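The values are calculated or read from the model by the stated rules, or taken from the named source; none is laboratory data. These numbers come from a predicted model, not from an experiment. So basically every Cβ, Gly included, is an ideal-geometry build from the backbone, and we count neighbours across all protein chains shown.
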Amino acid sequence: MEGMIRLPPRASTVAVYAVACVVLEVAMLGWWAATRATVLFVALQLVLVVLVWLGLLVIRYRGFRHDYEQAIATNAILADRSRLADELHDALGHELSLIALKAGNLQVRTTGAVQEQAADIRRDVAKAVEQLHRALESAREDATSESIDAMIDRLTASGVSISQTGRRPPRLPTTVEHGLHQVLRETLTNALTHAPGRPVTIAYRTDPDVVAVEVRNPMPSDQIQRSRTSTSATGLDALGRRLALSGGRLDHMVEDGEFVVAARIPRHPTSTPADVGTRRRSPLRRTVASALVPTTVAVLVLIGFYAWSTHDDVVEDSVFARLRVGIPAPTAERLLPPRQAPVRLVPTHAHDPDWSCAYYTDGNFPLGLAVFEVCSDEGVVVRLTDLRKQSWL
């Protein structure tokens, strides 16, 4: 349906998972409010945290696997493109050079119209060789040796009307500079090919994270429809796919009689064709690596909490068995640790408000819950309760 917001698959999965967790948490809160089963509620909370963490790891693994498969596919495409470029260079380059040589010999040996035709053939072949070298250079992703300013100055000196607005950062990372150079080279070449003599406008816009450029040139009426399916559009589409590898974007369209190319190049690319083949760690290893630090922190926090909750408040079963109702409270205190257990989630029976009750743990992991109750009144032990033997609900 039009007008609906469509989330990416990964984002929609996270959204559904988050909603399910919120609904489950609300249901558990309602159950706890009705039953006051605190121990079981805390246990369920811990289970929910573990499930959420495992779910996030699964989602993260799926994302890593998608990136891994895309990286392998992209690397294969780049390898095939490089191999094809080498084959074209060896085959077509050699044949075109032979044709140019034969045309040159024919030009020397003949006169008149035949000589002129041979010269035309030689010029056409030289132009084809130049275009072939340019295409192969682009296919191999070689770093450009000509700066953007030098390229624009060269075209301006040859009679091309180029106006620039906005500010282009003087210093950019090499990959960003190369991507911007490719965009300008492709769009200016298209403008010279399909709209010769027409002015070209280049507008720059710089954000903290993105370098944006828009190139406009008027199109002849007979070229507007042709431009939609021409090889220039194909070249721009290929360039757009290369920019997408690093998190960029390229759009081209005909707008008010002008051919418009708009590109967004990230200042901090997510990846580049050069390093696609180097990120070959398996999705499982990347997932484990991403989970290692938070898991280690969680384990250390849990161990620290357990050490705090069981410090000087643990009573052994044999010690608790030596206690008896009716013995003097000072005698019981000599057998008991100096500190009471701080985590008291197990419900106890009501007692007289004048009683003094103390609670101790048996060292249970991971919370160190208080499971022993010792109540005294008027200097005498009046109640001993092993909370492990009663219902915790």
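Close contacts from the range 89-105, counting a first residue that is in a helix (DSSP H, G or I) and a second that is modelled with pLDDT under 70 and exposed (fewer than 14 other Cβ atoms within 10 Å of the Cβ), with Cβ to Cβ under 9 Å and a gap of 6+ residues or different chains, come to HIS89/HIS133; GLY93/HIS133.
For every residue, the table says whether it meets (1) modelled with pLDDT of 90 or more; (2) under 21 Å from VAL42 (Cα atoms); (3) not assigned by TED's automatic domain parsing to the domain that holds PHE64.
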| residue | (1), (2), (3) |
| --- | --- |
| VAL299 | yes, yes, yes |
| GLU316 | yes, no, yes |
| ARG324 | yes, no, yes |
| LEU336 | yes, no, yes |
| HIS349 | no, yes, yes |
| ALA358 | yes, no, yes |
| ASP362 | yes, yes, yes |
| PRO366 | no, yes, yes |
| SER376 | yes, no, yes |
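If only residues of the range 302-320 that are out of contact with any helix residue (DSSP H, G or I) (no Cβ under 9 Å at 6 or more places or on another chain) and among the aliphatic types (A, V, I, L, M) are counted, the one that is farthest from VAL49 (Cα to Cα) is VAL314. Residues in the range 309-360 that are free of Cβ contacts under 8 Å to residues at least 12 places away in the same chain and more than 16 Å from GLU378 (Cα to Cα) were compared, and the one that is farthest from the chain's Cα centre (by Cα) is ARG334.
Picking from residues in the range 158-188 that are among the hydroxyl-bearing types (Ser, Thr, Tyr) and either outside any helix (DSSP H, G or I) or in contact (Cβ under 8 Å) with a residue 40 or more places away in the chain (or both), the one that is farthest from GLY257 (Cα to Cα) is THR175.
Scanning the range 279-312 for residues that are touching a Lys or Arg at 6+ places or on another chain (Cβ under 7 Å) and hydroxyl-bearing (Ser, Thr, Tyr), we see that the one that is surrounded by the fewest Cβ atoms within 10 Å (Cβ to Cβ) is SER290. Only residues that are modelled with pLDDT under 70 and among the hydrophobic types (A, V, I, L, M, F, W, C) were counted in the range 189-233, giving 2. The conditions of being in contact with a Cys (Cβ under 8 Å, 6 or more places away or on another chain) and crowded, with 17+ Cβ neighbours inside 10 Å are not met by VAL315. In the set (1) β-branched (Val, Ile, Thr); (2) closer than 19 Å to LEU46 by Cα; (3) assigned to a strand (DSSP E or B), the condition left unmet by VAL382 is number (2).
I need a count of the residues in the range 234-278 that are modelled with pLDDT of 75 or more and loosely packed, with under 14 Cβ neighbours inside 10 Å.
Summing the residues that are modelled with pLDDT of 75 or more and loosely packed, with under 14 Cβ neighbours inside 10 Å in the range 234-278 gives 9.
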